[in-house]
1. From the Cα gyration tensor of the stretch 1-58, with a ≥ b ≥ c the square roots of its eigenvalues, which class applies: rounded if a/c is under 1.5, or else prolate if a/b is larger than b/c, or else oblate?
2. Near the amide H of T113, under 5 Å away, which other amide H atoms are found, from residues 5 or more places off or on another chain, if H is placed in the peptide plane?
3. Assigning unit charges at the beta carbon (Lys, Arg +1; Asp, Glu -1) and nothing else, what dipole magnitude in debye, to the nearest 20, does the chain show about its Cα centre?
4. Leaving out same-chain residues fewer than 8 places away, which lysines sit with a Cα under 29 Å from that of K153?
5. Write out the chymotrypsin sites (Phe, Trp or Tyr not before Pro) in the stretch 7-47 meeting two conditions: DSSP loop, and at most 15 other Cβ atoms within 10 Å of their Cβ.
6. What value, in deg cm²/dmol to 500, does the helix sum -39500 (n - 2.57) over DSSP H runs of n ≥ 4 give at 222 nm once divided by the residues of the chain?
7. First select every other residue whose beta carbon is under 9 angstrom from the beta carbon of L21; then total the charges, Lys and Arg +1, Asp and Glu -1.
8. Applying a 10 Å radius around every beta-carbon, put 76-88, 118-130 in order of their mean neighbour count, most first.
Amino acid sequence: MTYHIRVRVGALIIENDEILLTEFDDPYRGVFYDFPAGGAEPHESLTEAVKREAREEANIDVEVGPLAFVYEYAPHLNENKYGQTHTLVMMFDCTLKSGSTPKLPEKPDPNQTAVKWISLSELENLELYANIGKQIKEYASKKRNIDLLEEHKLLDKSSNLKLTETF
């Protein structure tokens with residue numbers, strides 16, 4: 001499938017000054033870390049995609065909270081370092097559901113080797129898929145959230161419209 005901009009989602013899970021990350025050992029990049037994250041599928045809301053990706057990549061169930069931040073990768077501005085697909089990543093502040101314990105799934109993503117809790121103080125020293133360790137640490141200390149407005153959850157004003165109104 002071809003995208004002008006690919007939409008990805010991720011679960012940002014922070015507990016006790018640690019963040020949950022997935023570990024990869026890539027033959028070209030070496031060891032690097034990412035979040036439980038991936039592309040939204042057709043007919044899937046962003047929050048549904050976050051829950052699915054968390055299950056697929058870290059074997060966990062999460063409560064999806066507000067949008068923490070948005071990360072954009074524009075290939076033409078970055079010498080195509082992560083490929084040629086323009087990508088918008090919506091990172092959601094999530095919490096683990098009771099009884100959910102992170103672990104490597106039975107069928108991990110290619111080159112995925114682990115799921116780990118990493119101290120926030122170590123973030124800037126790690127090779128992250130996107131170099132956003134500093135921004136994550138800032139977010140963890142300030143928690144400035146962005147509301148996700150979902151059309152299906154908004155008040156339906158059409159019931160207040162007169163039948164004679166036209167648009």
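1. On the way: a/c = 2.47, a/b = 1.23, b/c = 2.00.
Note, shape of the stretch 1-58 comes out oblate.
2. For T113, the qualifying residues are E23, F24, D25.
3. The calculation lands at about 320 debye.
4. The reachable lysines, counting only those whose Cα sits under 29 Å from K153, are K51, K97, K142, K143, K162.
5. For chymotrypsin sites (Phe, Trp or Tyr not before Pro) across the stretch 7-47 that sit outside H, G, I, E and B with at most 15 neighbouring Cβ atoms in 10 Å, the list reads Y28.
6. Numbers: 2 runs with 23 residues, N = 167.
Calculated from helices alone, the mean residue ellipticity at 222 nm is -4000 deg cm²/dmol.
7. -1
8. 118-130, 76-88
FYI, it's all coordinate maths here, none of it is from the lab. Remember, it's a predicted structure, so these values are computed and weren't measured experimentally. Counting neighbours? That spans all protein chains shown, and the Cβs are built from the backbone with ideal geometry, glycine included.
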